[in-house]
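Single-structure report; data block below.
The values are calculated or read from the model by the stated rules, or taken from the named source; none is laboratory data. Everything numeric in this text was worked out from a predicted model, so none of it was measured. Note that each Cβ is placed from the backbone with ideal geometry, even for glycine, and that neighbours are counted across all protein chains shown. Note: areas computed on protein heavy atoms with side chains; ligands, DNA, RNA excluded. Shrake-Rupley method; radii C 1.70, N 1.55, O 1.52, S 1.80 Å.
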Amino acid sequence: MTIATRFPTGLYGITPDWSDFDRLYHAIEQACAAGLPILQWRRKHTPFELACEQARRVALCCQHHGTLFVVNDDWRLALEVGADAVHLGRDDGDIQEAKADIAAASKHLLIGVSCYNQIELAQQAIANEVDYFAFGAVFPSTVKPDAVHAPLHLFEEAKQLLTASLSPQLPNSMLNASDTTATVDSLDMILTPPTRPTIVGIGGITLSNAKQVIDAGADSIAVISGLFETADIYQTCKDFMTLFATKH
Ligand SMILES: Cc1ncc(COP(=O)(O)OP(=O)(O)O)c(N)n1
Ligand SMILES: Cc1nc(C(=O)O)sc1CCOP(=O)(O)O
Ligand SMILES: [Mg+2]
């Protein structure tokens, strides 16, 4: 049984820290036009008002191309600009507080979190019902040279955690026709099939090493330099996406 994910899989582009917004917007347009499924807005030094103005334009571009739009660090900014999702690391606030704020605004945001190289954080992420969790840095990253190293075996371990967490929901009891509760549960399963979080790999990923991460079990790979610091962003995006198309 294949369990669907709540968050897309495949290539996950993250914006580089360029000060020239027109250049950045043009680069994002190329990636989105190539079919990029997910884009994260990651700006560390832009004041809130300017970030809102710029991120709103990027959100519209993503909407136009059918690219899911994620805001890094700040769920308030994500809500303000109509993003689809927010990414939260260990310094970006509490997940339950984020969920409560989002619900209080009568809005919906998918939530992704960083797990660095810690399987325990993935276990917490699953318990918190986040929509994706990310391990990194899988390779040395020039953007984050001090990031901890996340070995590739974490992806298989995370898959096992997911299998274990989902198995109690599976309708074993469907076999027992005399148990009416089981029948009701089974009907529930058909009407609302279970879903699972997407597992993301990040850090130093390029066209040359991406396949290792996908083969290790990552559903998605998050890339800054390996996508945006290339001569032909449109073609690089297409080439990354081919790696997922030939996964099986
Ligand atoms: C997809 C994805 N994974 C990990 C991160 C890193 O988040 P964080 O640890 O909060 O570090 P910053 O990116 O905020 O510097 C991410 N942004 N996206
Ligand atoms: C933003 C970020 N977070 C990481 C983590 O390990 O959590 S690595 C990273 C930088 C990713 O950039 P690049 O693809 O250029 O290496
Ligand atoms: Mg962060």
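Screening segment 37-141 for helices (runs of 4 or more DSSP H) wholly inside it with 3 or more residues that are within 16 Å of ligand 2 (Cβ to nearest atom) and within 18 Å of the chain's Cα centre (by Cα) returns the ranges 119-127.
Of the residues making up segment 143-164, not one is closer than 21 Å to residue 17 by Cα and away from ligand 1 (no atom under 14 Å from the Cβ).
The residues on offer are 142, 163, and the sole one that is surrounded by fewer than 13 Cβ atoms within 10 Å (Cβ to Cβ) and in contact with a helix residue (DSSP H, G or I) (Cβ under 8 Å, 6 or more places away or on another chain) is 142. Of all residues in segment 24-74, those that are over 21 Å from residue 143 (Cβ atoms), without any contact (Cβ under 8 Å) to a residue 60 or more places away in the chain and open to solvent by 40 Å² or more (accessible area, probe 1.4 Å) total 13. If you check every pair at least six apart or on different chains, which have Cβ atoms under 8 Å apart with a residue in segment 1-14 that is at pLDDT below 95 first and a residue that is in a strand (DSSP E or B) second? Taking only residues 6 or more apart or on different chains, the pairs are 3/195; 3/196.
If you go through segment 94-138 and keep only what is more than 16 Å from ligand 3 (Cβ to nearest atom), small (Gly, Ala, Ser), out of contact with any strand residue (DSSP E or B) (no Cβ under 6 Å at 6 or more places or on another chain) and at negative phi, you end up with 100, 103, 104, 105, 127. Taking the residues in segment 18-36 that are under 20 Å from residue 85 (Cα atoms) and not in a helix (DSSP H, G or I) as candidates, determine which candidate is farthest from ligand 1 (Cβ to nearest atom). Among residues in segment 18-36 that are under 20 Å from residue 85 (Cα atoms) and not in a helix (DSSP H, G or I), the one farthest from ligand 1 (Cβ to nearest atom) is 35.
Scanning segment 75-92 for residues that are farther than 25 Å from residue 11 by Cβ, open to solvent by less than 40 Å² (accessible area, probe 1.4 Å) and within 16 Å of ligand 3 (Cβ to nearest atom) gives no hits.
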